[in-house]
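A short write-up of the structure that comes next.
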Amino acid sequence: MNRKVLVIGNGGREHALAWSLLNSSSVDLVICAPGNGGTANLEGCENRSIDVEDFSSLTKLVKEEALDFVIVGPELPLSLGIADHFRSLDIPVFGPVQQGAQIESSKAWAKNFFADAKIPTAASATFTNPQMAQSYLKEKGAPIVIKADGLAAGKGVVVAMNLLEAQNAVEELFMQGYQKLVIEEYLEGEEVSVLAVTDGEDFRLLLSAQDHKRIGQGNTGPNTGGMGAYCPSGIVNPEIEYQIRENIFLPTLAQFKKMGIEYCGVLYAGLMVCPDGVVKILEFNCRFGDPETQAILPLLKTPLDELIVSCIMKDLRKFPQLEWHQAHSVCVIAASEGYPGKYTTGHLIEGIDSLSHSDALVFQAGTILDGKNILTDGGRVLGVTGVGIDFFAARNQAYSTLEKISFEGMYSRPDIALKKVQS
Ligand code: AMP
Ligand code: GLY
């Protein structure tokens, strides 16, 4: 087939996408724009330093290189209408149009969408006025959740356990320039990320994964983009899966269709399985998760390019079922000291070159190739994914590989998937 693919983005997710595509015998070349140190060094993959917002240079690249299709990794270009742009030029693209991407880019839009589609979710109210937001907080009390309306790289949500924290969060988020906040009922339960690929009509669930959102051991400290993930989550039994299909994904696709929005791409549901067994949606993302993708894709047996092309061609029926390796995976993020706050970059990463086949997969995120050196270039630097017959094996591989890698200020959570080996 000799497919050539453009992957847009520069994170660990994009490295995992490129790696997974290149595992398919039908893919010859992946170009990443802008890519990172990992995609620069990946055999069969090339980087082009084009910004994800530079639609015209990306279009030129697709045409000059005669690329077959485009996968959009991050939410930002989707929320700016990159899929609409490529569609208008008849360039095959995997990722939703701008209207569809609002499911992630605006928490307030998403909450209205959930209400219209009758999708179970936490009760909430939306505020543009700080005083009204503060009086609502006083009325509701804590714990309570404050969400900034707009893209915030996983950092615009504050789960406030007391009223003072909630009041400070509201003040702080308005001061940061957010115009709208959603204040939401606090839900207890077990969180799970369930991603589906869809052609707008049909959808296929990927294996579920569990992210670790907080920066600190034992789920403490501020929220991050995700400090690690494991797959499968073990939470999605047949009854839960039934709810996820019938109460979450089917009404979501039906609502998109009703609104005339053609949604081709990934629908990523951040779900809460509440103590009474009811599954509620916390958020939808319009793209692959990061780091869930680094945990999920190593278990996917179905060729990723075939799956994505069938979505683009509106022919997902071709895959009645996805195939998976009978294995478990654990992805541990190595982050820069200070993340999700301020951190420094440009530190030499040592140890990756000398890893062997028995080591974990190292998906690079915030890295850059400088001559032969790989330097840190972001908050989340690496995603190290161990794959094994069980979670013990997968965890051991991830953490023992991580021990062979170092950079100044390297930080990782020691407890990713810990509960899976303690139970
Ligand atoms: P979101 O970006 O909306 O997924 O929120 C980020 C994280 O905040 C989630 O992964 C949850 O851990 C937490 N969170 C969000 N909404 C709620 C809620 N209503 N109740 C409890 N925790 C929440
Ligand atoms: N891991 C969370 C996200 O991708 O949004």
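The values are calculated or read from the model by the stated rules, or taken from the named source; none is laboratory data. Being a predicted model, the structure only gives us computed values, none of them experimental. Here Cβ is always computed from backbone atoms with ideal geometry, including for glycine, and neighbour counts include all displayed protein chains. Only protein heavy atoms, including side chains, enter the accessible area calculation; ligands, DNA and RNA are left aside. Shrake-Rupley method; radii C 1.70, N 1.55, O 1.52, S 1.80 Å.
Tallying residues that are among the aromatic types (Phe, Trp, Tyr) and farther than 18 Å from residue 13 by Cβ within the range 46-85 yields 1. Among the basic types (Lys, Arg) and on the phi < 0 side of the Ramachandran plot: which single residue out of 138, 118 fits that description? Selected residue: 138, the only one of 138, 118 that is among the basic types (Lys, Arg) and on the phi < 0 side of the Ramachandran plot. Scanning the range 186-218 for residues that are away from ligand 1 (no atom under 13 Å from the Cβ) and not in a strand (DSSP E or B) yields 199, 200, 201, 202, 206, 207, 208, 217, 218.
Screening 368, 312, 389 for residues that are over 23 Å from residue 216 (Cα atoms), out of contact with any strand residue (DSSP E or B) (no Cβ under 6 Å at 6 or more places or on another chain) and modelled with pLDDT of 95 or more leaves exactly one candidate, 389. Residues that are at negative phi and in contact with a Ser or Thr (Cβ under 7 Å, 6 or more places away or on another chain) were ranked within the range 347-361; the one that is surrounded by the most Cβ atoms within 10 Å (Cβ to Cβ) is 360. The single condition from (1) away from ligand 2 (no atom under 16 Å from the Cβ); (2) touching a residue at least 24 places away in the same chain (Cβ under 8 Å); (3) on the phi > 0 side of the Ramachandran plot that residue 226 fails is (1).
For the condition in a strand (DSSP E or B) and open to solvent by 20 Å² or more (accessible area, probe 1.4 Å), what is the one hit in 234, 177, 221?
Details: 234 fails: in a strand (DSSP E or B); 177 fails: in a strand (DSSP E or B).
Going through 234, 177, 221 in turn, just one is in a strand (DSSP E or B) and open to solvent by 20 Å² or more (accessible area, probe 1.4 Å): 221.
Determine, yes or no, whether residue 136 is within 10 Å of ligand 1 (Cβ to nearest atom) and hydroxyl-bearing (Ser, Thr, Tyr). For residue 136, the condition - within 10 Å of ligand 1 (Cβ to nearest atom) and hydroxyl-bearing (Ser, Thr, Tyr) - is not met. Helices (runs of 4 or more DSSP H) fully within the range 60-159 that include at least 2 residues being of a type in the set (Gly, Ala, Ser) and within 16 Å of ligand 2 (Cβ to nearest atom): 98-105. Here the condition is being within 16 Å of ligand 1 (Cβ to nearest atom) and free of Cβ contacts under 8 Å to residues at least 40 places away in the same chain; of 290, 276, it holds for 276 alone. Taken together, the residues in the range 286-314 that are open to solvent by less than 10 Å² (accessible area, probe 1.4 Å), within 16 Å of ligand 2 (Cβ to nearest atom) and not β-branched (Val, Ile, Thr) amount to 8.
Taking the range 315-344 as the range and being of a type in the set (A, V, I, L, M, F, W, C), away from ligand 2 (no atom under 14 Å from the Cβ) and under 26 Å from residue 386 (Cβ atoms) as the test, the residues that pass are 322, 324, 327, 330, 334.
In the range 271-285, how many are open to solvent by 10 Å² or more (accessible area, probe 1.4 Å) and not acidic (Asp, Glu)? Reasoning before the result, please.
So the first thing to find is which residues in the range 271-285 are open to solvent by 10 Å² or more (accessible area, probe 1.4 Å), and the list is 272-278, 280, 282-283.
Within this subset, residues satisfying the condition of being not acidic (Asp, Glu) are 272-275, 277-278, 280, 282.
Adding up the residues that qualify gives 8.
Which residue is surrounded by the most Cβ atoms within 10 Å (Cβ to Cβ), if the candidates are limited to the range 117-162 and must be within 17 Å of residue 191 (Cα to Cα) and β-branched (Val, Ile, Thr)? Ranking the qualifying residues of the range 117-162, first place goes to 144. When the criteria are applied in full, residue 192 fails the requirement of being at pLDDT below 95 and either open to solvent by 40 Å² or more (accessible area, probe 1.4 Å) or within 28 Å of residue 380 (Cβ to Cβ) (or both).
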